[in-house]
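All remarks here apply to the structure that follows.
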Amino acid sequence: MRTIQRTLLRDAAAIAAAMVAVGASFGAIAIAYGLPVWVPFLMSTVVFAGGAQFLAVGLLAAGPVAAVLAGLLLNARHLPFGMAIGSSMGTSWRDRLIGSHLMTDEVVAFTLAEQDPVQRRRTYWLIGVTLFTSWNLGTALGVLLGTAVGDYETLGLDAAFPAALIALILPSLRDRTTRLAALTGAAVAVAVTPWLPAGLPVLCALLGLFTLLRPDSPDSPDRSYYVESPDYVESPDRADHPDRPDHPDRPDHPDRPDRPIHPFRTRKAAG
Amino acid sequence: MAGRRMMLAAIVVLGVGTYLMRLGGVLLRERIELSDNLQRLLPMAATALLTALAATSTLMAGSGFAGVARPAGVMVGALLAWRKAPFVVVVVAAAAAAALLRLAGID
């Protein structure tokens, strides 16, 4: 496990370094927009969401209401993120109340890449705290150095973050069903970007989940759940285990459906 | 420019709203009894959102296309990630490729 930890630390350091640089450009841009010095500091601690902060800085000078609405729309994806990772940060109230504030795209991607719950929790906190620290450190640097901080596009950092995300989600995309849903969703998001306000296109990616409705998909969840899911096979005490006498999938059960339950489909009786 | 108090209020509302969405998802997951299929669906939803985020931030700048340098840099990074290069290499190579292209005058 030592090597896993070391790899994680190295990955955290890589993303932290990039985060310092982007945070610095955020601080510098906020000052360049003529905003008071406390604005970037307050945003980086209270909002702690890179995309929304850049967007809000651009809009704040013109209209605070627009800045809030656009920022909230951009951050709406955190709701499904929270539902996907659940209490990976821990189940105590302290863990959930503090841990939720550390939730960012990168933390979610790092956490989802881990399978083991203990390792997930460690990853969540390590990446979360690292990013919060480096983001605020970067902001302070940017405010102090002002325009001396180069444009982060010159450093190519605008390419570093999407590449980091791709590296983190690549293992999940090995699953065919997930890949089809994710790539369809991404295509929809890119296609609607010119017409919709920031934040909405990414949420439209959820439409990609409708690819799961393909009738003959060999990977659609209704079948692969029963074939692949190891915990289904290995836990005979589960309420839905087929060895239980009252399980509807038993060949002798009177209501035996020909398909397991699917969230989008009604079950059909075999006869 | 908006007044000082107005800006303060805007930042606090944005911060609190963002926090409530973060916490809301986590608590919803705990409160609602999820079917097994839905539990399988949620990581897929998160992956779809992250993929869309990667795709839009690679290809688009505002409502137009991002040009050449950024998508090319990301492609270099993605290719390395696919070849199982270490994470650090992926991040640095993507940034370096985009920066070098811009240095050469290709944006």
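Applying the selection to the range A:188-215, what residues are within 8 Å of chain B (Cβ to nearest Cβ) and either without any contact (Cβ under 8 Å) to a residue 12 or more places away in the chain or touching an Asp or Glu at 6+ places or on another chain (Cβ under 6 Å) (or both)? Once the filter is applied, which keeps residues that are within 8 Å of chain B (Cβ to nearest Cβ) and either without any contact (Cβ under 8 Å) to a residue 12 or more places away in the chain or touching an Asp or Glu at 6+ places or on another chain (Cβ under 6 Å) (or both), the range A:188-215 yields A:Val190, A:Thr193, A:Pro194, A:Trp195. If you go through the range A:83-110 and keep only what is more than 9 Å from every other protein chain (Cβ to nearest Cβ) and surrounded by fewer than 19 Cβ atoms within 10 Å (Cβ to Cβ), you end up with A:Gly90, A:Ser92, A:Trp93, A:Arg94, A:Asp95, A:Ile98.
For the range B:22-33, the condition holds for at least one residue, the condition being that it is in contact with a Lys or Arg (Cβ under 9 Å, 6 or more places away or on another chain) and open to solvent by 50 Å² or more (accessible area, probe 1.4 Å). In the set A:Leu69, A:Leu59, only one residue is open to solvent by 50 Å² or more (accessible area, probe 1.4 Å) and within 20 Å of A:Val22 (Cα to Cα); that residue is A:Leu59. Meeting the requirement of 1 or more residues that are modelled with pLDDT of 90 or more, the helices (runs of 4 or more DSSP H) wholly within the range A:127-233 are A:157-169, A:176-192, A:200-204. Going through the range A:43-53 one residue at a time, which ones are within 18 Å of A:Ser25 (Cβ to Cβ) and surrounded by fewer than 19 Cβ atoms within 10 Å (Cβ to Cβ)? Answer for the range A:43-53, where residues must be within 18 Å of A:Ser25 (Cβ to Cβ) and surrounded by fewer than 19 Cβ atoms within 10 Å (Cβ to Cβ): just A:Thr45. Across the range A:137-152, a minimum of one residue is classified as closer than 21 Å to B:Ser57 by Cβ, open to solvent by 80 Å² or more (accessible area, probe 1.4 Å) and out of contact with any Ser or Thr (no Cβ under 6 Å at 6 or more places or on another chain).
Being within 14 Å of A:Leu165 (Cβ to Cβ) and not basic (Lys, Arg) is not true of B:Val68.
Residue by residue through the range B:58-90, note down the ones that are open to solvent by 40 Å² or more (accessible area, probe 1.4 Å), closer than 24 Å to A:Val192 by Cβ, in a helix (DSSP H, G or I) and at the interface with chain A (Cβ under 7 Å from one of its Cβ atoms). Answer for the range B:58-90, where residues must be open to solvent by 40 Å² or more (accessible area, probe 1.4 Å), closer than 24 Å to A:Val192 by Cβ, in a helix (DSSP H, G or I) and at the interface with chain A (Cβ under 7 Å from one of its Cβ atoms): just B:Leu59.
The values are calculated or read from the model by the stated rules, or taken from the named source; none is laboratory data. Model, not experiment: these values are computed from the prediction. Virtual Cβ from ideal backbone geometry, glycine too; neighbours counted across all protein chains shown. We work out accessible area using only protein heavy atoms, side chains counted, and drop any ligands, DNA or RNA first. Shrake-Rupley method; radii C 1.70, N 1.55, O 1.52, S 1.80 Å.
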